[in-house]
Amino acid sequence: DIKIQMKGIAKVFETDELETHALKNIDLTIYAGDYVSISGPSGCGKSTLLSILGLLDMPTDGEYSIEGVKVTELSLDQAAEIRNSKIGFIFQSFNLIDELSVFDNVALPLRYSSEKMSDEAIRSRVDECLKSVDMSHRASHKPNQLSGGQQQRVAIARALVAKPAILLVDEPTGNLDSKSGDQVMDTLEQLNKEGTTICMVTHDPRYADMARTQLKLLDGSILTTPVPAVNVQEAV
Ligand code: ADP
Ligand code: ADP
């Protein structure tokens, strides 16, 4: 069961007379239930790849499909609809709304969804997601009453609430101390064991190594052969 398929994806940025080939001929298949990490040095194209995977930007060449839907042929409006229904985002900054409780933050995507859900159904889905990240006991707290690691786990619950095809994760531990970072990584690992498909971008080799499928990006291309250990060190 294929969640994500990219064939020949390229991205060229043109600024003044300068052309930057940020991504070159990327082939990428992500299967249901996989846990993929994409790592590599600064400037190798990680953010660009994640933006395209998350339908925040379009490639300049190639084909991309999510659950069989060819998204590279869609209008921006159609792409936004696919993004809202099929992609869960987790960023380095948690992007929670300070004025809302944990429960209401997680409920937000369902309340704004085009498919109307009953209050009862929303409550049960939000409870389920808070439980899966071990945050049920903080449902009525505000984000600023929580530690960074707890806030990130709430952000993960919010990303899961609409049952996305895939979770796209960008440097999830970048703003956390190492203990909270490890807890967030444990949460992601547990969710993956329960069936969530994850694609994580990180420059941290310790965390990249935790994924089942580890891809290395270098100068806009995915390395297909394992790099010698000494080069891996240099690359990070
Ligand atoms: P990473 O996330 O791995 O640090 P990026 O995807 O941000 O790498 O960048 C890849 C390359 O594309 C870099 O050379 C960067 O300068 C360039 N780039 C990224 N975004 C833009 C943009 N909007 N305009 C011009 N160049 C860009
Ligand atoms: P990260 O360190 O998280 O990979 P970057 O600093 O590489 O993030 O990029 C942050 C954002 O800035 C990205 O969305 C990228 O598209 C944009 N960006 C990166 N390089 C450039 C550039 N040279 N010109 C314009 N935008 C860029």
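From the list Leu56, Leu76, the lone residue that is within 18 Å of the chain's Cα centre (by Cα), modelled with pLDDT under 95 and open to solvent by 80 Å² or more (accessible area, probe 1.4 Å) is Leu56.
Return a yes/no flag: does segment 18-30 have any residue that is within 11 Å of ligand 2 (Cβ to nearest atom), in a strand (DSSP E or B) and not aliphatic (A, V, I, L, M). Spell out how you get there, then give the answer.
Taking segment 18-30 as the starting set, the residues that turn out to be within 11 Å of ligand 2 (Cβ to nearest atom) are 18, 20, 22.
Within this subset, residues satisfying the condition of being in a strand (DSSP E or B) are 18, 20, 22.
With not aliphatic (A, V, I, L, M) added as a condition, the list becomes 20.
Scanning segment 18-30, I find at least one residue that is within 11 Å of ligand 2 (Cβ to nearest atom), in a strand (DSSP E or B) and not aliphatic (A, V, I, L, M), so the answer is yes.
Being more than 16 Å from ligand 2 (Cβ to nearest atom), more than 22 Å from Thr202 (Cβ to Cβ), hydrophobic (A, V, I, L, M, F, W, C) and open to solvent by 40 Å² or more (accessible area, probe 1.4 Å) is a property that Val106 lacks. All conditions in (1) part of a helix (DSSP H, G or I); (2) open to solvent by 30 Å² or more (accessible area, probe 1.4 Å); (3) among the small types (Gly, Ala, Ser) hold for Ser180, with the sole exception of (2). Output the residue which, of all residues in segment 196-216 that are within 16 Å of ligand 2 (Cβ to nearest atom), open to solvent by less than 30 Å² (accessible area, probe 1.4 Å) and not hydrophobic (A, V, I, L, M, F, W, C), is farthest from the chain's Cα centre (by Cα). Top of the filtered list is Tyr207. Within segment 82-109, residues that are more than 21 Å from Gly174 (Cα to Cα) and at pLDDT below 95 reach partners that are open to solvent by less than 30 Å² (accessible area, probe 1.4 Å) and in a helix (DSSP H, G or I) with beta carbons closer than 7 Å, at six or more positions or on different chains, in the pairs Ile82/Val71.
Take Val36 and tell me if it is loosely packed, with under 15 Cβ neighbours inside 10 Å, part of a strand (DSSP E or B) and either within 16 Å of ligand 1 (Cβ to nearest atom) or acidic (Asp, Glu) (or both).
No: the conditions fail for Val36.
Quick check, is Ile52 part of a strand (DSSP E or B) and either over 16 Å from Leu168 (Cβ atoms) or not polar (S, T, N, Q) (or both)? Answer is no for this residue. Just to be sure, is Leu49 within 16 Å of ligand 2 (Cβ to nearest atom) and open to solvent by 40 Å² or more (accessible area, probe 1.4 Å)? Considered against the rule, which asks whether it is within 16 Å of ligand 2 (Cβ to nearest atom) and open to solvent by 40 Å² or more (accessible area, probe 1.4 Å), Leu49 comes out as no.
The values are calculated or read from the model by the stated rules, or taken from the named source; none is laboratory data. Just so it is clear, the model here is predicted, and its values are computed rather than measured. Heads up, the Cβs are rebuilt from the backbone with ideal geometry, glycines too, and the neighbour counts pull from every protein chain shown. Accessible surface areas use protein heavy atoms only, side chains included; no ligands, DNA or RNA. Shrake-Rupley method; radii C 1.70, N 1.55, O 1.52, S 1.80 Å.
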